[in-house]
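A.B. asks: Pasting a structure below so you can have a look.
The values are calculated or read from the model by the stated rules, or taken from the named source; none is laboratory data. Fair warning: this is a prediction, and the values are worked out from it, not measured in the lab. Note: ideal-geometry Cβ built from the backbone for every residue, glycine included; neighbour counts use all protein chains shown.
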Amino acid sequence: MKEQSNKHNWDEPLRKLLVDEIELDMNKLVCVLKCYIGIYSKDGLLILHSKFNELNARNKILTYLLGRKVSTMMKFEYPEIVDILEIKKTTGILRGVLMPICVELKTENLISGSGTSGYYVSESQMLHVLKELEYTCHS
């Protein structure tokens, strides 16, 4: 017996619902970051939204470094590695607070680098940082 052909090709429109894991993670990334930062379309400069100031110091650092990672992934020419003075200047976190948090985040493998070379979020750390920040954005 011949298989009955489907009169309606439901598959085609429904395929738009399919996403792979990377696409899903990128959508989460946008959802989390857009609460706090924007990326200037001309040069990739990070723009901190007013809601960024509501974050605690730890999440400010993670958000800023993750935003820099995204900017470099989009092929803007900002260096991925950010020195401690730039993090301090941009986020407003005092150095005495900033350094211990960066060391803690590095120990937890959420960021890479050092106080002398600068800090960054690697691709392998992005998902972990995203999960850490996702909770903050929705609470």
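A.B. asks: Of the residues ASN53, ASN109, which is closer than 14 Å to ILE37 by Cβ and either in contact with a Cys (Cβ under 9 Å, 6 or more places away or on another chain) or surrounded by fewer than 15 Cβ atoms within 10 Å (Cβ to Cβ) (or both)? Explain how you work it out, then say what you get.
C.D. replies: On the way: ASN109 fails: closer than 14 Å to ILE37 by Cβ.
Sole residue among the options that is closer than 14 Å to ILE37 by Cβ and either in contact with a Cys (Cβ under 9 Å, 6 or more places away or on another chain) or surrounded by fewer than 15 Cβ atoms within 10 Å (Cβ to Cβ) (or both): ASN53.
A.B. asks: Continuing with this model, one more query. Considering every residue within the range 41-59, establish whether at least one is within 15 Å of LEU130 (Cα to Cα) and assigned to a helix (DSSP H, G or I).
C.D. replies: Yes: one or more hits.
A.B. asks: On the given criteria, is VAL129 touching a strand residue (DSSP E or B) at 6+ places or on another chain (Cβ under 9 Å), of a type in the set (A, V, I, L, M) and closer than 18 Å to LEU29 by Cα?
C.D. replies: Taking the combined requirement at face value, the residue does not satisfy it.
A.B. asks: Can I ask one more? Taking only the range 17-39 into account, find how many residues are assigned to a helix (DSSP H, G or I) and modelled with pLDDT under 70.
C.D. replies: Here is the first cut: in the range 17-39, the ones assigned to a helix (DSSP H, G or I) are 17, 21-33.
Now drop any that are not modelled with pLDDT under 70, which leaves 17, 21-24.
Adding up the residues that qualify gives 5.
A.B. asks: Of everything in the range 78-101 that's closer than 15 Å to GLY44 by Cβ and of a type in the set (Ser, Thr, Tyr), which residue is modelled with the highest pLDDT?
C.D. replies: Ranking the qualifying residues of the range 78-101, first place goes to THR90.
A.B. asks: What residue, among those in the range 105-122 that are in a helix (DSSP H, G or I) and in contact (Cβ under 8 Å) with a residue 12 or more places away in the chain, is farthest from HIS49 (Cα to Cα)? Spell out how you get there, then give the answer.
C.D. replies: Within the range 105-122, the first condition is being in a helix (DSSP H, G or I), and the residues that meet it are 105-107.
Next, from what is left, pick out any that are in contact (Cβ under 8 Å) with a residue 12 or more places away in the chain: 105-106.
Details: LEU105: 23, LYS106: 26 Å.
That would be LYS106.
A.B. asks: Please go through the range 28-84 and pick out each residue that is more than 15 Å from MET126 (Cα to Cα) and among the polar types (S, T, N, Q).
C.D. replies: Once the filter is applied, which keeps residues that are more than 15 Å from MET126 (Cα to Cα) and among the polar types (S, T, N, Q), the range 28-84 yields SER41, SER50, ASN53, ASN56.
A.B. asks: Looking at LYS60, LYS75, LYS42, LYS69, which is the one that is on the phi > 0 side of the Ramachandran plot and modelled with pLDDT of 90 or more?
C.D. replies: Details: LYS60 fails: on the phi > 0 side of the Ramachandran plot; LYS42 fails: on the phi > 0 side of the Ramachandran plot; LYS69 fails: on the phi > 0 side of the Ramachandran plot.
Exactly one of LYS60, LYS75, LYS42, LYS69 is on the phi > 0 side of the Ramachandran plot and modelled with pLDDT of 90 or more, namely LYS75.
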